[in-house]
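What follows is calculated from the coordinates using simple rules that are stated; it is not laboratory data. Computed from a predicted model, the values in this text were never measured in an experiment. Glycine also receives a Cβ, built like all others from the backbone with ideal geometry; neighbour counts cover every protein chain displayed.
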Ligand SMILES: NC(=O)C1=CN([C@@H]2O[C@H](COP(=O)(O)OP(=O)(O)OC[C@H]3O[C@@H](n4cnc5c(N)ncnc54)[C@H](O)[C@@H]3O)[C@@H](O)[C@H]2O)C=CC1
Ligand SMILES: O=C(O)[C@@H]1CCC=N1
């Protein structure tokens, strides 16, 4: 069987994050990876990673079996129009927020489409990606497409109908955690703590807390209770979470995230 080739259309932030895992784990040899971008400055970085580059999206189509579309949802139609009717026997992977699998199938006249919601931590091999199922895609091709994302972290399968609702959980949420860490560092600085130490302590605590969520078998509420001594400091801190309606803020953030996906989506 011929070795499968990878193409990526759009060589920005997510393409770089995805390719770093693919290259590190040798999911595809570098000479079997072709990346296109209209912006040649983006291609320089990709070339430095060892991949083949082109400004021509059609060339990616020609040189690849699995093609990841990694452009913004606002410009995806131009790319889909370029590919329309020419993707027979190709597997199309879209990471565009809000753009449904149904829509891509209707534009390309192929049902060999996988929709994925990845996140930027793929860049350091600690990503979390949600993917739609195999459909009519041959199993070995689907497995290869999944390995693009599993090479750099956790993957899980979900229905296309849930893809907009999933975005806040993994695609967008790195920004929540970065904001949280930033706010903690600012608060620490106000209390005289060194900025670098504050960031290290906050980030390491996030890492430890995340690992406890994954491995302890305890719920978030149970783990919170373990930290919260009666009459203690955590209880005092959490009264601010209640007063400023933390859970309501997160619920509203999730709603707005999903709402925006439907607004920009099709
Ligand atoms: N940034 C993130 O954290 C995440 C982004 N996504 C999705 O990934 C996609 C890409 O996002 P980013 O990498 O952040 O954007 P980006 O702006 O960094 O990269 C997109 C690239 O596409 C190129 N491009 C634009 N039009 C093109 C065309 N017609 N042909 C070829 N290349 C073209 C741009 O020059 C740019 O380099 C978006 O659809 C977004 O919804 C999904 C999950 C997380
Ligand atoms: O903000 C966005 O639209 C993209 C999708 C998920 C993360 N970034």
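Computed quantities for the displayed model
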| item | result |
| --- | --- |
| Shape of region 213-266, Cα gyration tensor, a/c cut at 1.5 | oblate |
| Inter-label distance, nm, simple model (7 Å from Cα along the C-beta direction), residue 199/residue 59 | 3.8 nm |
| Rel. contact order, % - alpha carbon contacts under 8 angstrom, at least six apart, region 29-175 | 17 percent |
| Footprinting exposure proxy for 245, 134 (fewest neighbouring C-beta atoms within 10 Å first) | 245, 134 |
| In range of the label at residue 2: residues from region 142-168 whose backbone nitrogen is under 15 Å from the point 7 Å along Cα→Cβ | none |
| Tensor-based shape of region 1-139 (alpha-carbon gyration tensor, a/c under 1.5 rounded, otherwise prolate or oblate) | rounded |
| Relative packing of 119-125, 61-67, which averages over residues the other C-beta atoms within 10 Å, highest first | 61-67, 119-125 |
| Contour minus Cα-Cα distance for residue 13 and residue 240 (0.36 nm per residue) | 78.1 nm |
| Rounded D (µm²/s) - the chain, Kirkwood Rh over Cα pairs, Stokes-Einstein at 4 °C, 1.567 mPa s | 64 µm²/s |
| Region 173-264, relative contact order [Cα under 8 Å, separation at least 6], % | 12 percent |
| Average projection area in nm² (convex hull over Cα atoms of region 27-66, one quarter of hull surface) | 2.7 nm² |
| Protection-proxy order for peptides 71-78, 110-117, each taking the mean of Cβ atoms within 10 Å per residue, highest first | 110-117, 71-78 |
| Degrees separating the helix 139-150 axis from the principal Cα axis of the chain, which is the longest one | 40 degrees |
| Segment residue 106-residue 256, extension gain: residue separation times 0.36 nm, minus the distance between their alpha carbons | 51.3 nm |
| Mean separation of Cα contacts under 8 Å (6+ apart) over length of the chain, as relative contact order % | 16 percent |
| Semi-axes of the equivalent ellipsoid for region 173-264, Cα gyration tensor, largest first, Å | 24, 19, 16 |
| Theoretical FRET efficiency, 1/(1+(r/R0)^6), r = Cβ-Cβ of residue 186 and residue 226, R0 35 Å, to 0.05 | 0.85 |
| Inter-label distance, nm, simple model (7 Å from Cα along the C-beta direction), residue 31/residue 88 | 3.0 nm |
